[in-house]
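The values are calculated or read from the model by the stated rules, or taken from the named source; none is laboratory data. All of these numbers come straight from a predicted model, not from anything done at the bench. Cβ: placed from backbone, ideal geometry, glycine included. Neighbour counts: every protein chain shown. SASA here: full protein model, heavy atoms, side chains in, ligands and nucleic acids out. Shrake-Rupley method; radii C 1.70, N 1.55, O 1.52, S 1.80 Å.
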Amino acid sequence: MCGIFGYVGAPTDLGGAVLQALRRLEYRGYDSWGVAVGVNGHIDIEKQSGKISGATVAFPPSDIGFGHTRWATHGAVTRANAHPHLDCTGQLAVIHNGIVDNFRSLRDALLAAGHTFQSETDSEVIAHLLEDEIARGATLTDALALVFARLEGLNAIIAMDVRSRELVAAKTISPLVAGVGADGIAIASDALALVGHADRIVYLEDDQLVRLDKSGLTLYDRTSMRQIPPPFVPLDRDEGNTGLDGHPHYMAKEMAEQPAVLARLAHESETSIRGLAAAIQDSYGTFFVGCGTASYAALTGSYLFSRIAARHVNFVVGSEFKYHEHFITPESLVVALSQSGETADVIEAMHAARRRGARLGAIVNTEHSSLDRMVDLRVHLAAGPEQCVLSTKAYTAKVAVLLLAAHALAGTYDQGRDLVLRAADGLQRMLDDGWTAGVRDVARTIHRVEHLFVIGRGLAYPTALEAALKIKEVSYIHAEGFAGGELKHGVIALVAPGTPCVVYAPLDETRTDILSGAMELRSRGGYIIGISPEADPVFDVHLPTPDVGDAAPLVNALPAQMLGYHAALLRGNDPDKPRNLAKSVTVK
Ligand code: BG6
């Protein structure tokens, strides 16, 4: 996935404006970036490997241009593979977010026809295919409609031709939104990048194509090429609180925001959460779907509904849903959990569920996202923008929603609200200096290791999976989470003297068994990091957490978030933009 942005309008320092828009889209990938503007009938291009950071570009004023920030899928992280990509004439350029699944056969045919390629990317085939259609007399708009129909995969494309001075764009699943402002028209992967360029916007649907030129914005049905009146909505996205608020990193800021986010959810989201509980009540088979951190929140939800409401809820990882969908019926409810609301694996799963007639729900942070727009019911997390690639506050917010929904189903909502508020208080106490110093000490002890294990039982098992992911994503230590009972069935072979083992030991029915597991690890020389309301002699070091019953996952995430954060700093990593990752994954 990548971030793409384009603009046509009053002549301006367009290079700078495009770069600023790309900075807002960098959460979608930061392997390389590129900007191109049309000047006097030719295309000026600047592209570089690496993050945008303090980069600048110096182009003459221009009235048409676009840019791209990349998450590499096809072709190494090089300047040549950075977008935009040109056709052989050099007067047509393309930026692309997605994967052209059939690019090899297309590329071979283009090479055989005499085209010259400058990159290893799948994306460059689009530029040369457009070149051929235009050479056959097509307009850029018709050319894109023809070429898009030949591409397989999830794609969002913007093409620029400086001869006709227009941008045209089309998409499947990968998001695109266009907007009109006082000085011009713009298009981007996320409405956030249109702030300052547009006041009314239109979200492109899969079977649509849009042209942007001096005459304005024209929307088409891509198959019939019939014009469609754009269903504009006001752009109500503002940058929101996207500053660091005095924190050294977004990860630190967003960890610190968790108590307030939970308290607000407990006080302000009762109606939508009760709506979700009622839909689960009425469904014949409910499925929680999510990817990455969201999948662990979904798995925690299936444990919470069993414990609190004696209700079985299925859990499916987003990218595996299509291999599981066969028993989905019109009586089913499929609930997707997603911070961004744009994760392609989740959107695809929801399309598959829709095709089988299921009712769709979402627990989502980004309003107006593709997921938010396609479902029948939703709970907004209202956690504010999450800019660190690692998900922290959106994770605990999702778990809190599921805890409250389970209590709503059980008819004990007030009890659930009290638990979430106790967890919020407990988290606030954990965030004070004394407690965090304890975590920093543990990070100092373990930050040079290459392997680390995390175990938990029951409700703490999905917490152990999430904890391992947090440590992995940011410190690059190979951390693995296990169900405590699985240790003796193979995993314990990996433990050697000094191997750090994080053990979640809440004061519930799992404590005795998980402490035996910790004993087994210790007898193999494991270094036991106990996360629990109460200390135990088996722990080499104890990170205390408040006892908040079934809300334990809400307070048990922070120790792992914080441990990963400090280990990352000690290893010299960027906690907000870890290598090889991106915040929103819009490719399969
Ligand atoms: C990954 C993010 O790209 O996608 C993770 O790095 C996230 O933090 C996962 O958990 C799922 O994203 P979302 O937006 O669907 O919750």
Select from segment 319-331 the residues that are closer than 19 Å to D376 by Cβ and crowded, with 17+ Cβ neighbours inside 10 Å and write down the one among them that is modelled with the lowest pLDDT. E325
Kindly establish whether L371 is more than 18 Å from A408 (Cβ to Cβ), within 14 Å of the chain's Cα centre (by Cα) and assigned to a helix (DSSP H, G or I). yes
Is it fair to say I95 is at pLDDT 95 or above, of a type in the set (A, V, I, L, M) and open to solvent by less than 10 Å² (accessible area, probe 1.4 Å)? yes
Residue in segment 32-49 that is part of a helix (DSSP H, G or I) and touching a residue at least 24 places away in the same chain (Cβ under 8 Å) present: no
Of residues in segment 430-456 being under 21 Å from K472 (Cβ atoms) and in a loop (DSSP other than H, G, I, E, B), the one most open to solvent (accessible area, probe 1.4 Å): R448
Out of curiosity, is G564 of a type in the set (G, A, S), more than 16 Å from the ligand (Cβ to nearest atom) and open to solvent by less than 50 Å² (accessible area, probe 1.4 Å)? no
For segment 568-588 the number of residues that are more than 14 Å from the ligand (Cβ to nearest atom) and in contact with an Asp or Glu (Cβ under 7 Å, 6 or more places away or on another chain) is 0
P546 meets each of (1) touching a Leu at 6+ places or on another chain (Cβ under 7 Å); (2) surrounded by 16 or more Cβ atoms within 10 Å (Cβ to Cβ); (3) at pLDDT 95 or above with one exception, condition (1)
Consider L459 carefully, then state whether it is at pLDDT below 95 and touching a helix residue (DSSP H, G or I) at 6+ places or on another chain (Cβ under 7 Å). no
Residue check: is L554 in a loop (DSSP other than H, G, I, E, B) and either away from the ligand (no atom under 16 Å from the Cβ) or open to solvent by 10 Å² or more (accessible area, probe 1.4 Å) (or both)? no
Please verify whether segment 475-496 includes one or more residues that are in a helix (DSSP H, G or I) and within 26 Å of L244 (Cα to Cα). yes
Can you go through S516, S532 and tell me which one is at pLDDT 95 or above, within 15 Å of A460 (Cβ to Cβ) and touching a His at 6+ places or on another chain (Cβ under 8 Å)? S532
Filter segment 352-379 down to the residues that are without any contact (Cβ under 8 Å) to a residue 60 or more places away in the chain and at positive phi and list them by number. G357
Of all the residues that make up segment 497-529, how many are assigned to a helix (DSSP H, G or I) and either over 33 Å from the mean Cα position of the chain (by Cα) or polar (S, T, N, Q) (or both)? 12
Looking only at segment 197-209, and only at residues there that are open to solvent by 30 Å² or more (accessible area, probe 1.4 Å) and touching a residue at least 24 places away in the same chain (Cβ under 8 Å), the one that is farthest from L151 (Cα to Cα): D199
Tell me, which helices (runs of 4 or more DSSP H) lie completely within segment 102-152 with 2 or more residues that are among the acidic types (D, E) and either touching a strand residue (DSSP E or B) at 6+ places or on another chain (Cβ under 7 Å) or open to solvent by 10 Å² or more (accessible area, probe 1.4 Å) (or both)? 124-135
Let me confirm something: among L299, L337, which residue is touching a Lys or Arg at 6+ places or on another chain (Cβ under 9 Å) and within 16 Å of the ligand (Cβ to nearest atom)? L337
From the option list V334, V316, V346, single residue qualifying as modelled with pLDDT of 95 or more, outside any strand (DSSP E or B) and of a type in the set (A, V, I, L, M, F, W, C) is V346
S53 fails exactly one of the following numbered conditions: (1) in contact with a Phe, Trp or Tyr (Cβ under 7 Å, 6 or more places away or on another chain); (2) open to solvent by 10 Å² or more (accessible area, probe 1.4 Å). What is the number of that condition? (1)
L569 versus (1) more than 22 Å from the chain's Cα centre (by Cα); (2) farther than 30 Å from S53 by Cβ; (3) not in a loop (DSSP other than H, G, I, E, B): which is the lone unmet condition? (2)
Of all residues in segment 379-424 being assigned to a loop (DSSP other than H, G, I, E, B) and more than 13 Å from the ligand (Cβ to nearest atom), which is most open to solvent (accessible area, probe 1.4 Å)? G411
Take L360 and decide whether it is open to solvent by less than 50 Å² (accessible area, probe 1.4 Å), in a helix (DSSP H, G or I), modelled with pLDDT of 95 or more and in contact with a helix residue (DSSP H, G or I) (Cβ under 6 Å, 6 or more places away or on another chain). no
